[in-house]
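J.: This structure is in structure tokens; I'll ask about it shortly.
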Amino acid sequence: MIPLLHDFTNETVLIFGGGPVGSRKARRFAREARVIVVSPAFADREFGGAERVRAAPDPADVPAWLERAEPALVVAATDDAAVNEAVADAARERGALVNRADRSGERDVGSVVVPATVREDPVTVAVATGGTAPALSKYLREELEETLSGAGEMARVCGELRAELKARDVPAERRRAIVTDVVNSPDLWTALRTGTSNCAQVIEDVLGEERSGGDRT
């Protein structure tokens, strides 16, 4: 499977199943999409503001739910294999993406895996094991959380610095060299992680050195 980032702004995610898995999926997608969860009962968990519909659709009822919701992604997370299969079939017929929460390993055409994710906005890193080792995905996510500390602020530094250098007509090759030096500076990473420096201060310092003709070490 090829990892992609998908923008679900103004899209609908339809989830069948209100147990622990369904609630976890709802929280994940509710950050960006409209989420509808269909289930006869709901786990005593947070659903991230998702719309919850108390219903127990039979396999034959599933296509009508997709017809009404017009989802971009459908999640099959019930404990009924027949319903989950009907959800996957209906999603493929409508050209919607489908996530089978009850399966691991082989995937059908059009299926997606929701990976373990670490966010340090605007930086996002995802870990997937093809559904074969969820415990490993969780372990790697926790390891990456520490590694990525400060990455969001560093990304902002790089973006604003590149824009400022371009506005000052600094040649492209020189811009790349300056930004690369910033990213490779352990001292700057430490400063951003500890809060002893911030995006504006780093940019001011770098531009000051560039004006004076100095190089970062």
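J.: Under a point-charge model restricted to the Cβ atoms of Lys and Arg (+1) and Asp and Glu (-1), what is the dipole moment magnitude of region 17-91 relative to its Cα centre, in debye to the nearest 20?
T.: Dipole of region 17-91, to the nearest 20 debye: 500 debye.
J.: State which stretch of the chain is the longest one without any exposed GluC sites (Glu not before Pro), exposure meaning a DSSP loop state and at most 12 other Cβ atoms within 10 Å. Don't skip to the end; give the middle numbers.
T.: On the way: sites that count: Glu46, Glu106.
The reported range is 107-217.
J.: Summing +1 for each Lys or Arg and -1 for each Asp or Glu, what net charge is found among the other residues whose Cβ lies under 15 Å from the Cβ of Gly152?
T.: -3
J.: Can you compute the charge dipole magnitude of the chain about its Cα centre, using +1 on each Lys and Arg Cβ and -1 on each Asp and Glu Cβ, nothing else charged? Give it in debye, rounded to the nearest 20.
T.: Roughly 100 debye for the chain.
J.: Scan region 1-57 for chymotrypsin sites (Phe, Trp or Tyr not before Pro) in coil per DSSP, keeping those whose Cβ has at most 13 other Cβ atoms within 10 Å, and list them by number.
T.: Counting only loop positions with at most 13 other Cβ atoms within 10 Å, none of the chymotrypsin sites (Phe, Trp or Tyr not before Pro) in region 1-57 qualifies.
J.: Follow-up question, since we're still on this one. Could you size up the charge dipole of region 70-167 around its Cα centre, putting +1 on the beta carbon of Lys and Arg and -1 on that of Asp and Glu, and report it in debye to the nearest 20?
T.: 300
J.: Along the charge dipole of region 1-121, pointing to its positive end and built from +1/-1 on Cβ of Lys, Arg, Asp and Glu, which listed residue (Val98, Phe29, Val87) has its Cα farthest out?
T.: Phe29
J.: Next question. Around Ala43, with a cut-off of 14 angstrom between Cβ atoms, what is the net charge of the other residues, counting Lys and Arg +1 and Asp and Glu -1?
T.: That works out to +3.
J.: Would you kindly derive the ³J(HN,Hα) couplings of region 193-200 from the backbone phi angles with the Karplus curve 6.51 cos²θ - 1.76 cosθ + 1.60 (θ = phi - 60°), listing them in order in whole Hz, with x for Gly and Pro?
T.: Each residue of region 193-200 in turn: 5, 8, x, 6, 8, 9, 4, 4 Hz.
J.: Here's something else I'd like to know. Just need log10 I(q)/I(0) for the chain at q = 0.08, 0.13, 0.16 Å⁻¹, Debye formula, equal scatterers on the alpha-carbon atoms, no solvent, rounded to two decimals.
T.: Taking Cα atoms of the chain as identical point scatterers yields -0.42, -0.81, -1.00.
J.: Roughly how many whole Å is it from the C-alpha centroid of region 1-72 to that of region 165-217?
T.: 44
J.: May I pose another question? For the Cα atoms of the chain, what angle does the longest principal axis make with the long axis of helix 20-30, in degrees from 0 to 90, nearest 10?
T.: Its long axis makes an angle of about 50 degrees.
J.: Tell me, which longest segment in the chain has none of the trypsin sites (Lys or Arg not before Pro) that fall in DSSP loops with at most 12 further Cβ atoms within 10 Å?
T.: On the way: sites that count: Arg31, Arg168.
Result for the longest clean stretch: 32-167.
Bear in mind these aren't lab numbers, they're just calculated from the coordinates by the rules spelled out. Bear in mind the structure is a predicted one, so any value in this text is a computation, not a measurement. Note that we place each Cβ from the backbone using ideal geometry, even for glycine, and neighbour counts take in every protein chain shown.
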